[in-house]
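Engineer: One structure, pasted below without further comment.
Nothing in this text is a laboratory measurement; each read-out follows from the coordinates by a stated rule. These numbers were taken from a predicted model, which means no experiment stands behind them. All Cβ positions, glycine included, derive from the backbone under ideal geometry; neighbour counts span all protein chains shown.
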Amino acid sequence: MTGGQALVASLMRQNIDTIFGLPGVQLDGAFDALYDAQASGDIRVIHPRHEQTTAYMADGYARTTGRIGTCLVVPGPGLLNATAALSTAYACNSPVLCITGQIQSDLIGVGRGMLHEIPNQLEMVRSVAKHAERATKPDEIPGLVDRAVRELWVGRVRPVEIEIPPDTLFATSEVELMAPVPERERPSGDPDKVEQAAKLLGQAERPMIFSGGGILGSEAWGELQALAEMLQAPVAMSSNGKGALSDRHYLAQNSVGAMALIDNADVILCVGTRMIEPATYPWGLKPGRTVIHMDIDPEEVGRNYDVTVGIVADAKAGLLELIDRTGTHNRSRESREDELIGIKQSARAKLDSIQPQASFARAIRDELPEDGIFVGEMTQIGYWSNLGFPVYQPRTYLTPGYQGTLGWGFPTSLGVKVGNPGKVVVSVNGDGGFGFALNELATMAKHQIGTITIVFNDSAFGNVRRIQQVSFDGRTIASDLDNPDYVKLAEAFGVTGRRAISPEALQIALRDSIKADEPTLIEVPVEQMPDPWRSLNFR
Ligand SMILES: Cc1ncc(C[n+]2csc(CCOP(=O)(O)OP(=O)(O)O)c2C)c(N)n1
Ligand SMILES: [Mg+2]
């Protein structure tokens with residue numbers, strides 16, 4: 001088979017059936033092989049209008065399905081275009097496989113200036129991928145894919161990259177395909193450490209849990225809930241970990257609730273989280289607290305806080321072991337239901353005082369089905385939602401993590417919908433962030449991706465403008481925006497456009513859009529909004 005065919009067959013062996021790709025001459029051998037795979041119904045190729053979107057879509061698809069999200073881009077500028085998205089997937093521990101072209105194999109490193117040539121492409125991409133490797137013969141390709149997928153799932157999940165030159169994609173040879181990579185290994189941690197942790201937690205009077213995205217990545221939400229109930233421990237979820245425990249549960253707390261609980265907790269368990277909020281925010285952990293930290297990444301354990309017990313474990317396997325061992329040490333505790341419901345209510349009251357963000361976010365929550373997926377952004381409603389948006393199911397709330405990538409939300413939401421065709425997918429955007437990928441309205445229409453994209457239009461990079469007004473004495477610069485008529489813009493692309501001027505109107509527009517189930521943009525004209533963090537004493 002050709003190298004292109006070896007690539008496609010190897011991907012199919014790994015149960016990859018969806019590829020977000022944008023073609024170009026170095027990838028002709030791969031796309032021509034995909035032609036056959038698409039014709040036979042084995043692989044679906046979705047082509048957005050910019051390489052950033054191939055990787056954003058792969059990330060959205062991956063994080064909401066738990067499957068590998070795959071993108072395919074030309075080398076040099078194509079890969080560079082995808083790197084903001086790869087950096088986001090890296091920050092969010094997302095299983096993204098990025099496949100890239102190269103220049104002709106015998107000219108790599110010569111520096112002649114071939115089409116799309118950049119020096120040290122593999123080195124470049126290693127800053128946003130945990131593993132990057134090249135094959136230059138067709139029979140090396142199954143091993144290349146196998147190692148990439150193994151690397152993807154071993155230890156901390158993060159994007160990986162593989163690259164294949166065009167002559168390799170066209171060359172023919174005998175190729176032996178490989179078996180699918182087995183399920184990931186799940187280390188359950190050093191038994192002595194787990195035992196120490198179990199004793200501390202079992203004997204604690206008022207234990208508390210901080211959980212992060214690691215719970216979602218490892219599908220450990222059932223174990224988290226079981227342990228939390230056993231300990232009557234409130235669970236404070238980071239924004240990237242929202243949904244691990246349903247907000248309907250009295251133990252589930254947001255960061256505002258956590259602020260009220262942290263000082264009175266006697267033993268704190270942190271799982272699958274960098275501990276950024278409890279360890280580095282002014283309201284967080286003072287030195288010397290009893291902290292157990294469980295994470296799959298040994299470098300993460302204790303990085304941000306000197307922990308009492310550090311456990312390197314997969315969250316699911318580690319929590320299961322912890323549940324087992326805590327049983328024998330566990331004291332009996334009264335239910336904390338009344339107290340914790342009170343904490344939730346007072347957190348809610350504080351959050352609801354931030355307007356109009358709270359009303360807009362609640363309008364969305366009220367219409368979004370229980371399993372509907374909310375994709376955030378670096379915008380006012382997004383910031384509020386990271387703190388206050390109630391989430392009821394795992395993998396239904398997405399953020400760009402510590403990368404804070406403006407422009408991430410809309411293109412990511414398209415990949416979410418491709419992976420979850422039966423679910424309602426809503427993305428919230430500012431006018432600034434939405435502009436980064438508004439060409440993808442064409443992708444929505446072309447591939448009939450029925451997401452609902454809300455654009456909060458304040459004619460500004462609003463967050464920047466507010467900082468300039470408040471902290472720089474009104475010296476606003478480079479933060480005002482002139483925007484198109486968004487309803488007309490949507491319609492020009494063949495996407496349904498609506499406008500809603502209040503939270504109530506947004507709720508009605510959402511209801512109509514969910515019923516219509518079609519590619520939709522809703523513009524919401526807004527005024528400048530207040531800073532949510534200042535009013536909460538959050539920073
Ligand atoms: C890739 C990237 N570029 C720049 C920024 C800096 N930044 C953060 S918020 C923001 C303004 C966002 O404006 P908009 O999307 O309209 O949201 P608003 O604050 O107005 O709701 C900017 C420029 C960023 N976070 N990421
Ligand atoms: Mg704005």
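Engineer: Amide H of residue 523 versus every other amide H placed in the peptide plane: which residues, excluding those fewer than 5 positions away on the same chain, fall under 5 Å?
Structural biologist: Close amide H contacts, sequence-distant or interchain: 455, 498, 499, 500.
Engineer: Now for a separate question. May I ask for the net charge around residue 231, where only other residues with Cβ less than 14 Å from the Cβ of residue 231 are counted and Lys, Arg are +1 while Asp, Glu are -1?
Structural biologist: So the surrounding residues net to -1.
Engineer: I'd like to know which of 284, 180, 83 lies farthest towards the positive end of the charge dipole of the chain, counting +1 on Cβ of Lys and Arg and -1 on Cβ of Asp and Glu.
Structural biologist: 284
Engineer: Suppose every Lys and Arg Cβ carries +1 and every Asp and Glu Cβ carries -1, with no other charges. What dipole size does segment 236-366 come out with about its Cα centre, to the nearest 20 debye?
Structural biologist: On the way: 16 positive and 18 negative charges, 71 e Å.
Rounded to the nearest 20 debye, it is 340 debye.
Engineer: Collect residues whose amide H, placed 1.01 Å from N in the peptide plane, falls under 5 Å from the amide H of residue 46; neighbours closer than 5 in sequence don't count.
Structural biologist: 19, 20, 21
Engineer: Please give the Cα centre distance for segment 396-454 versus segment 37-116, rounded to the nearest Å.
Structural biologist: Between the Cα centre of segment 396-454 and that of segment 37-116, the gap is 17 Å.
Engineer: Can you give me the C-alpha center-to-center distance between segment 315-331 and segment 128-153, rounded to a whole angstrom?
Structural biologist: So the separation of the two Cα centres works out to 36 Å.
Engineer: When 123, 277, 337 are ordered from fewest to most other Cβ atoms inside 10 Å of their Cβ, what list results?
Structural biologist: Values: 123 9, 277 23, 337 12.
Lowest to highest Cβ neighbour count: 123, 337, 277.
Engineer: Residue by residue through segment 162-170, what is 3J(HN,Hα) from phi via Karplus (6.51 cos²θ - 1.76 cosθ + 1.60, θ = phi - 60°)? Round to whole Hz and write x for glycine and proline.
Structural biologist: These are the phi-based 3J(HN,Hα) values: 10, 9, 9, x, x, 5, 5, 5, 8 Hz.
Engineer: Using a cut-off of 11 Å between beta-carbons, work out the net charge of the residues near residue 312 (Lys and Arg +1, Asp and Glu -1, residue 312 not included).
Structural biologist: Working: positive: 156, 193; negative: 190, 295, 297, 299, 300, 314.
Neighbourhood net charge equals -4.
Engineer: Right, another one. Hey, got the Cα dimensions of segment 391-539 along the principal axes, in Å, largest first?
Structural biologist: 47, 36, 29
Engineer: For the chain, what is the percent of antiparallel DSSP beta bridges, rounded to the nearest 5? All intermediate terms of the calculation are to be shown ahead of the outcome.
Structural biologist: Values: 2 of 59 bridges.
If I count the DSSP bridges inside the chain, around 5 percent turn out antiparallel.
Engineer: Okay, next question. Most exposed first by the Cβ proxy, i.e. fewest other Cβ within 10 Å, how do 262, 164, 296 rank?
Structural biologist: If I rank by nearby Cβ atoms, fewest first, I get 262, 296, 164.
Engineer: Still on this model: How would 199, 515 line up from fewest to most surrounding beta-carbon atoms within 10 angstrom?
Structural biologist: Ranking 199, 515 by Cβ neighbours within 10 Å, fewest first, gives 515, 199.
Engineer: Assign one of three labels to segment 421-464, namely rounded, prolate or oblate, based on the Cα gyration tensor with a ≥ b ≥ c the square roots of its eigenvalues; rounded applies when a/c is under 1.5, prolate when it is not and a/b is larger than b/c, and oblate otherwise.
Structural biologist: Details: a/c = 3.74, a/b = 1.83, b/c = 2.05.
It is oblate, given that a/c is not under 1.5 and a/b is not larger than b/c.
Engineer: Determine the gain in length on full extension of the stretch residue 173-residue 107; use 0.36 nm per residue of separation and subtract their C-alpha separation, reporting nm with one decimal.
Structural biologist: Difference between extended and current length: 21.6 nm.
Engineer: Hey, another quick one. Please report the antiparallel percentage of the DSSP beta bridges confined to segment 22-178, to the nearest 5.
Structural biologist: Rounded to the nearest five, the antiparallel share is 0 percent.
Engineer: Add +1 for every Lys or Arg and -1 for every Asp or Glu among the other residues with Cβ under 11 Å from the Cβ of residue 285, and state the total.
Structural biologist: After counting each charged neighbour, the total is -1.
Engineer: Separate question: What shape does segment 328-405 have by the C-alpha gyration tensor, where a ≥ b ≥ c are the square roots of the eigenvalues, rounded means a/c under 1.5, and otherwise prolate means a/b greater than b/c and oblate the rest?
Structural biologist: Prolate is the answer for segment 328-405, as a/c is 1.5 or above and a/b outweighs b/c.
Engineer: To the nearest Å, what is the center-to-center distance of segment 191-233 and segment 176-190, using C-alpha atoms only?
Structural biologist: 25 Å
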